[in-house]
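A.B. asks: Quick one: the structure is below, questions incoming.
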Amino acid sequence: MKKLLLFMAHPTNDMDEDLTVLGQLGLMHISPFQPAKDESIERILKRIEELEKGISILEEYEGIESSVALEVTNYSTEKRGEIALLEDVLNTHNANVELNKQISELSKAQQWYNSWGSISLNDIKSITDKGVYLKLYEVPAKDVKSIAEQHTVNVVGQSAGAVQVVLISEDKEVSLNYHQIELPVISQQEVEEALSDKNAALAKGKQRLCQLSEQKALLVEALDERNRRLEIRTVQYGGIAFHDKVRCWEGYVPEDKVSNITEAADENAWGYVVREPRPDEYDLVPTLLKNPGWTHKIKPVMGFMGLVPGYDEIDVSKIFLIFFTFFTGILVGDAGYGLIFLVLTLLAHWKTGFVKKIEFGLFYTLSVSVMIWGVLTGTYFGAETIANIPFLKQLQVQQLASFGGDNLRIQQFMFIIGAVHLTIGHLQKGLKYINTVIPIAQLGWVSIVWGLYFLVNDMVLGIDGPSYMQWLFIGGAVLVTFFSSPGQPLFKGMLSSLGNLPLNVINGFSDVISYIRLYAVGLSTVLMASSFNDMAIGEGITTVASGVGAVLVLVLGHALNMTLAAMAVLVHGVRLNMLEYAGHASVEFSGSDYNPFKLKNK
């Protein structure tokens, strides 16, 4: 990456043309000097919000045939037709919302009349004017008798388990200690007429939106244009203006694309300064990874976890993908499950029309990995009977077999995987500094890692280490002590390395032993699958009910087991790459993605 300072004239004027050229180049990753603030940005944001709402409204009515043909303007032929269309959509929608509220209130009044009967509000008013007051209540049936002994009440009906009563009194202040039912404000006839009118108006509004939905593309186009303007204004006001004459931006451009920027700058009379980022600026430099196409499959995983190597860190994509694929096979480890994952991926891919997406490539790769490891270990839905089929049994590696295999050797194999994985991390770090003495120190760490491997075998598995094991530690420690700090004075660097060495060795020991999780989780997947099989058909199937129960146990049990295995892949498969391996490769994933200011060509 090269650091770029870009200068454009007339910062107070509309810079749409110049910034559009820059955006169409799509090369400059801009680091704003300040938050972009301006009234024009606020206006655009408000308009974008309105357009998104308008599009969302029309999508609800899209594809619904209008039963009545209304006169609707063709807004595509009008000046600023997208704004007129938007206002029409929002106004019609708001009117419909208000009509729905009114209909809801009228419906409550209609329900009141349905419950209490055809009561004349005028008659009640006439009675009240003569000094007789009527009040309506709903009271529990058990209380009616006691109320009648104290007040003049008439029972008029029942509603929702309560008794409807009317309190009759010449004293306006007399009331019952129950919730009083309020009278409607309009008569039953007015309610029915208003409901008819409102429903008709609502239906007409919906018909209008159905017809307006045919012009949705006009709003979509307008939204794209406002988003383009927003990007331009955000970039414009994120730069710094000097004396109201020049505006400046700071950013980064890939080294092989600098000439594209400078040529455009010369053509458009922009000023620029290009230089190498300083080491103290590396945290700000975005990371642009250039890898072979096959490594792109790991992008969804790294993107989901937010893993981006720093600008000065090594690219771990290739190793991450290779070992993540391998770990997935071991952690799930069932050829039957792998086949199901493959079929589900194929069906999902088929539904999309076999569109090219990285995610499908990743799932295909992981499914095949699971199937391969399942075949090598003889694991098919955790059923030993299937594993013992002669043809399938010939495909097994007996020492790795889930049924009858050598658990000691399987665990040792997991530790070998860990040692290899960590070794690659140190070798990659050494290659990064190939012109220094740091690679010698990394060879020292490789020696220590393999010493730790033999030590783990001895302490955990009881396998005696080779006679030269101690020399792996001694030789590695010497190399690490002398060559880990090339930029410091000899004795100061040695003391620093020696001070950190014990803790780093302890961490290395825990890192190597951490790979036993592959064996443990893979074994638990097999045991759970086998347990569900035993629960379902262990005692045989003798009745229809037991057959149905067995099918349910098998389907639900294996579905749960596959779900847990998939979660284990995310937890353990990612962890071993992100922490153990990345830690030994000195990768902290402290970077940010290269995200250039990019606009589509108009």
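For every residue, the table says whether it meets (1) touching a Phe, Trp or Tyr at 6+ places or on another chain (Cβ under 8 Å); (2) at pLDDT 95 or above.
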{"position": "356", "(1), (2)": "no, no"}
{"position": "359", "(1), (2)": "no, no"}
{"position": "370", "(1), (2)": "yes, yes"}
{"position": "384", "(1), (2)": "yes, no"}
{"position": "392", "(1), (2)": "yes, no"}
{"position": "400", "(1), (2)": "yes, no"}
{"position": "404", "(1), (2)": "no, no"}
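A.B. asks: Do we have residue 257 as touching a residue at least 12 places away in the same chain (Cβ under 8 Å), crowded, with 18+ Cβ neighbours inside 10 Å and not hydrophobic (A, V, I, L, M, F, W, C) here? Lay out the reasoning, then the answer.
C.D. replies: Numbers: touching a residue at least 12 places away in the same chain (Cβ under 8 Å): yes; crowded, with 18+ Cβ neighbours inside 10 Å: no; not hydrophobic (A, V, I, L, M, F, W, C): yes.
In short, no.
A.B. asks: Something else about it: What number of residues within the stretch 235-254 are of a type in the set (Val, Ile, Thr) and either under 16 Å from residue 27 (Cα atoms) or surrounded by 19 or more Cβ atoms within 10 Å (Cβ to Cβ) (or both)? Can you show your working first?
C.D. replies: As a first pass, look at the stretch 235-254 and keep what is of a type in the set (Val, Ile, Thr): 235, 240, 246, 253.
Of the ones still in play, those that are also either under 16 Å from residue 27 (Cα atoms) or surrounded by 19 or more Cβ atoms within 10 Å (Cβ to Cβ) (or both) are 235, 253.
Total meeting the criteria: 2.
A.B. asks: Run down 230, 219, 223 and say which single residue is touching a helix residue (DSSP H, G or I) at 6+ places or on another chain (Cβ under 9 Å), among the hydrophobic types (A, V, I, L, M, F, W, C), more than 18 Å from residue 35 (Cα to Cα) and open to solvent by 20 Å² or more (accessible area, probe 1.4 Å).
C.D. replies: On the way: 230 fails: more than 18 Å from residue 35 (Cα to Cα); 219 fails: open to solvent by 20 Å² or more (accessible area, probe 1.4 Å).
Result of the check over 230, 219, 223: 223.
A.B. asks: Let me ask you something else. Taking the criterion of being open to solvent by less than 30 Å² (accessible area, probe 1.4 Å), under 30 Å from residue 454 (Cβ atoms) and not in a helix (DSSP H, G or I), would at least one residue in the stretch 381-391 satisfy it? Let's see the steps before the verdict.
C.D. replies: At the first step, the residues of the stretch 381-391 found to be open to solvent by less than 30 Å² (accessible area, probe 1.4 Å) are 382-383, 387.
In the following step, the residues that additionally are under 30 Å from residue 454 (Cβ atoms) were identified as none.
No; the residues of the stretch 381-391 include none that is open to solvent by less than 30 Å² (accessible area, probe 1.4 Å), under 30 Å from residue 454 (Cβ atoms) and not in a helix (DSSP H, G or I).
A.B. asks: Residues being outside any strand (DSSP E or B) and surrounded by fewer than 18 Cβ atoms within 10 Å (Cβ to Cβ): count how many of those fall in the stretch 567-597.
C.D. replies: Of the residues in the stretch 567-597, the ones outside any strand (DSSP E or B) are 567-592, 594-597.
Next, from what is left, pick out any that are surrounded by fewer than 18 Cβ atoms within 10 Å (Cβ to Cβ): 567, 570-571, 575, 579, 583, 586, 588-590, 592, 595.
Number satisfying all stated conditions: 12.
A.B. asks: Continuing with this model, one more query. When you look at residue 202, is it under 27 Å from residue 88 (Cα atoms), under 54 Å from the mean Cα position of the chain (by Cα) and not in a strand (DSSP E or B), yes or no? Lay out the reasoning, then the answer.
C.D. replies: Details: under 27 Å from residue 88 (Cα atoms): yes; under 54 Å from the mean Cα position of the chain (by Cα): yes; not in a strand (DSSP E or B): yes.
So residue 202 passes the test.
A.B. asks: What's the number of the only condition in (1) buried (at least 22 other Cβ atoms within 10 Å of the Cβ); (2) within 38 Å of the chain's Cα centre (by Cα); (3) β-branched (Val, Ile, Thr) that residue 417 fails to meet?
C.D. replies: Against the list (1) buried (at least 22 other Cβ atoms within 10 Å of the Cβ); (2) within 38 Å of the chain's Cα centre (by Cα); (3) β-branched (Val, Ile, Thr), residue 417 comes up short only on (1).
A.B. asks: Further question on the same structure: Within the stretch 27-38, is there a residue that is in contact (Cβ under 8 Å) with a residue 60 or more places away in the chain, of a type outside the set (Phe, Trp, Tyr), farther than 23 Å from residue 217 by Cα and assigned to a strand (DSSP E or B)? Spell out the reasoning first.
C.D. replies: Here is the first cut: in the stretch 27-38, the residues in contact (Cβ under 8 Å) with a residue 60 or more places away in the chain are 27-38.
Within this subset, residues satisfying the condition of being of a type outside the set (Phe, Trp, Tyr) are 27-32, 34-38.
Filter again for farther than 23 Å from residue 217 by Cα, leaving 27-32, 34-38.
Next, from what is left, pick out any that are assigned to a strand (DSSP E or B): 29-30.
Yes, there is a match, as at least one residue in the stretch 27-38 is in contact (Cβ under 8 Å) with a residue 60 or more places away in the chain, of a type outside the set (Phe, Trp, Tyr), farther than 23 Å from residue 217 by Cα and assigned to a strand (DSSP E or B).
A.B. asks: Follow-up. Would you call residue 293 among the small types (Gly, Ala, Ser) and at positive phi?
C.D. replies: Values: among the small types (Gly, Ala, Ser): yes; at positive phi: no.
So residue 293 does not fit the description; no.
A.B. asks: Follow-up question, since we're still on this one. Can you report the number of residues in the stretch 330-380 which are under 19 Å from residue 555 (Cα atoms), open to solvent by 50 Å² or more (accessible area, probe 1.4 Å) and among the small types (Gly, Ala, Ser)?
C.D. replies: 0
A.B. asks: Mind listing whichever residues of the stretch 133-168 are more than 22 Å from residue 113 (Cα to Cα), in contact with a strand residue (DSSP E or B) (Cβ under 9 Å, 6 or more places away or on another chain) and not polar (S, T, N, Q)? Before you say what the answer is, go through the steps one by one.
C.D. replies: Filtering the stretch 133-168 for residues more than 22 Å from residue 113 (Cα to Cα) gives 142-152.
Next cut, in contact with a strand residue (DSSP E or B) (Cβ under 9 Å, 6 or more places away or on another chain) only: 143-144, 147-148, 151-152.
Within the stretch 133-168, 143, 144, 147, 148, 151 qualify.
A.B. asks: Something else about it: Name the single residue, out of those in the stretch 99-145 being of a type in the set (Lys, Arg) and open to solvent by 60 Å² or more (accessible area, probe 1.4 Å), that is farthest from residue 206 (Cα to Cα).
C.D. replies: Only one residue tops the list, namely 145.
Let's see how each residue does on (1) touching a Leu at 6+ places or on another chain (Cβ under 7 Å); (2) touching a residue at least 12 places away in the same chain (Cβ under 8 Å); (3) of a type in the set (S, T, N, Q):
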{"position": "132", "(1), (2), (3)": "no, yes, no"}
{"position": "159", "(1), (2), (3)": "no, yes, yes"}
{"position": "162", "(1), (2), (3)": "no, yes, no"}
{"position": "165", "(1), (2), (3)": "no, yes, no"}
{"position": "176", "(1), (2), (3)": "yes, yes, no"}
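A.B. asks: Filter the stretch 518-543 for residues that are aliphatic (A, V, I, L, M) and modelled with pLDDT of 90 or more; which is nearest to residue 415 (Cα to Cα)?
C.D. replies: It comes out as 518.
A.B. asks: Hey, could you check the stretch 295-312 for residues that are open to solvent by 40 Å² or more (accessible area, probe 1.4 Å) and touching a residue at least 12 places away in the same chain (Cβ under 8 Å) and say which is nearest to residue 361 (Cα to Cα)? Reasoning before the result, please.
C.D. replies: Step one: of the stretch 295-312, the residues open to solvent by 40 Å² or more (accessible area, probe 1.4 Å) are 296-297, 299, 303-306, 311-312.
Filter once more, so that each one left must be touching a residue at least 12 places away in the same chain (Cβ under 8 Å): 296-297, 299, 305-306, 311-312.
On the way: 296: 9, 297: 6, 299: 11, 305: 18, 306: 20, 311: 27, 312: 29 Å.
Looking at residues that are open to solvent by 40 Å² or more (accessible area, probe 1.4 Å) and touching a residue at least 12 places away in the same chain (Cβ under 8 Å), I get 297.
A.B. asks: Further, regarding this structure: Taking only the stretch 192-227 into account, find how many residues are under 30 Å from residue 599 (Cβ atoms) and among the aliphatic types (A, V, I, L, M).
C.D. replies: So the answer is 7.
A.B. asks: Given the criterion of a type in the set (Val, Ile, Thr) and touching a His at 6+ places or on another chain (Cβ under 7 Å), identify the matching residue among 548, 569, 521.
C.D. replies: Details: 548 fails: touching a His at 6+ places or on another chain (Cβ under 7 Å); 569 fails: touching a His at 6+ places or on another chain (Cβ under 7 Å).
Answer to the check: 521.
A.B. asks: OK, next. Taking the stretch 185-200 as the region of interest, how many residues are open to solvent by 30 Å² or more (accessible area, probe 1.4 Å), closer than 28 Å to residue 61 by Cα and touching a helix residue (DSSP H, G or I) at 6+ places or on another chain (Cβ under 6 Å)?
C.D. replies: Summing the residues that are open to solvent by 30 Å² or more (accessible area, probe 1.4 Å), closer than 28 Å to residue 61 by Cα and touching a helix residue (DSSP H, G or I) at 6+ places or on another chain (Cβ under 6 Å) in the stretch 185-200 gives 1.
A.B. asks: Taking residue 132, is it under 60 Å from the mean Cα position of the chain (by Cα) and among the hydrophobic types (A, V, I, L, M, F, W, C)?
C.D. replies: Numbers: under 60 Å from the mean Cα position of the chain (by Cα): no; among the hydrophobic types (A, V, I, L, M, F, W, C): yes.
Taking the combined requirement at face value, the residue does not satisfy it.
A.B. asks: Moving on to the next point. Give the residues of the stretch 152-184 that are under 15 Å from residue 128 (Cβ atoms) and either open to solvent by 80 Å² or more (accessible area, probe 1.4 Å) or β-branched (Val, Ile, Thr) (or both), sorted by residue number.
C.D. replies: The answer is 166, 168, 170, 172, 173, 174, 182.
The values are calculated or read from the model by the stated rules, or taken from the named source; none is laboratory data. Because the structure is predicted, anything quoted here is derived from the model rather than measured. With ideal geometry, Cβ positions are generated from the backbone for all residues, glycine too; neighbour counts draw on all protein chains shown. Quick note on the areas: whole protein, heavy atoms, side chains included, nothing else; ligands and nucleic acids left out. Shrake-Rupley method; radii C 1.70, N 1.55, O 1.52, S 1.80 Å.
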